[in-house]
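Here's the structure we're looking at; comments come further down.
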Amino acid sequence: MPYHKDKQQAFQAAEQHMALTEDILQNLDMGSEDAGHQLAHLKEEINETYQEIENALEVASETQRVQLEQFRRDLDTIVKHTDLH
């Protein structure tokens with residue numbers, strides 16, 4: 001994914017990845033045959049989301065920064081509760 005210099009684009013990319021991470025998490029079925037694949041997909045999306053947040057923080061406005069920090073805390077919580085280290 002290319003680096004976004006525009007703060008609005010960077011923020012939206014982080015926001016979209018956060019929404020996708022939450023969607024994957026909500027649809028996670030640990031009882032299914034492909035639970036391992038689902039967890040791997042979730043972990044990959046979490047890593048991408050962290051990267052998008054870092055990129056966005058480099059150019060973010062103060063308002064965006066507050067939201068991006070919340071995204072990061074939310075991701076940390078997801079990682080803790082799904083044991084994806």
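A few notes on this one:
- Residue selected from the range 68-85 under the condition assigned to a helix (DSSP H, G or I) and hydrophobic (A, V, I, L, M, F, W, C), by the criterion surrounded by the fewest Cβ atoms within 10 Å (Cβ to Cβ): VAL79
Here is a yes/no grid of residues against (1) open to solvent by 50 Å² or more (accessible area, probe 1.4 Å); (2) among the hydrophobic types (A, V, I, L, M, F, W, C); (3) at negative phi; (4) touching a Phe, Trp or Tyr at 6+ places or on another chain (Cβ under 8 Å):
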residue: MET18; (1), (2), (3), (4): no, yes, yes, yes
residue: ASN47; (1), (2), (3), (4): yes, no, yes, no
residue: GLU52; (1), (2), (3), (4): no, no, yes, no
residue: GLN64; (1), (2), (3), (4): no, no, yes, yes
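- Taking first residues from the range 38-57 that are over 13 Å from THR21 (Cα atoms) and without any contact (Cβ under 8 Å) to a residue 40 or more places away in the chain and partners that are assigned to a helix (DSSP H, G or I) and open to solvent by 40 Å² or more (accessible area, probe 1.4 Å), the Cβ contacts under 7 Å between residues at least 6 apart in sequence or on separate chains come to LEU57/ARG65.
- Residue match in the range 3-13 (condition: polar (S, T, N, Q), modelled with pLDDT of 95 or more and within 14 Å of the chain's Cα centre (by Cα)): yes
- Whichever residue in the range 20-67 is of a type outside the set (Gly, Ala, Ser) and assigned to a loop (DSSP other than H, G, I, E, B) and, among such residues, is modelled with the lowest pLDDT: MET30
The values are calculated or read from the model by the stated rules, or taken from the named source; none is laboratory data. Being a predicted model, the structure only gives us computed values, none of them experimental. A quick note on method: Cβ atoms are made from the backbone with ideal geometry, for glycine too, and the neighbour counts reach across all protein chains shown. These accessible areas exclude ligands, DNA and RNA; they are computed on the full protein's heavy atoms, side chains included. Shrake-Rupley method; radii C 1.70, N 1.55, O 1.52, S 1.80 Å.
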